[in-house]
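*Asks:* Dropping the structure in here first, questions after.
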């Protein structure tokens, strides 16, 4: 029997959820995840309620992190 089994039994008995809540990710991190999923800039801006300037800035950072730095150079020209 493992810890998950014990937690499930306690949850069933008490009616409470004993799972540990992970801290919520920042909007920046969530934006990078959405870019990774192939979402468009406008979709990210709407979903995260972020201004266009910030979304564009994060998209350039996404390119950099994804080793697509050449796109950044072309974009800034």
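*Asks:* Conditions: (1) modelled with pLDDT of 80 or more; (2) surrounded by 13 or more Cβ atoms within 10 Å (Cβ to Cβ). Residue 71 meets all but one. Number of the miss?
*Replies:* (1)
*Asks:* Only residues that are closer than 30 Å to residue 10 by Cα and at pLDDT 85 or above: list them for the range 20-51, please. Working first, answer last.
*Replies:* Keep residues of the range 20-51 that are closer than 30 Å to residue 10 by Cα, which gives 20-25.
Selection gives 24, 25.
*Asks:* When residues of the range 52-68 are filtered for being over 17 Å from the mean Cα position of the chain (by Cα) and at pLDDT 95 or above, how many remain?
*Replies:* Total satisfying the criteria: 2.
*Asks:* Related question: Read through the list (1) surrounded by 12 or more Cβ atoms within 10 Å (Cβ to Cβ); (2) out of contact with any helix residue (DSSP H, G or I) (no Cβ under 9 Å at 6 or more places or on another chain), then give the number of the only condition that residue 38 fails.
*Replies:* Every listed condition holds for residue 38 apart from (1).
The values are calculated or read from the model by the stated rules, or taken from the named source; none is laboratory data. In this text, all values refer to a predicted model and were calculated from it rather than measured experimentally. Glycine also receives a Cβ, built like all others from the backbone with ideal geometry; neighbour counts cover every protein chain displayed.
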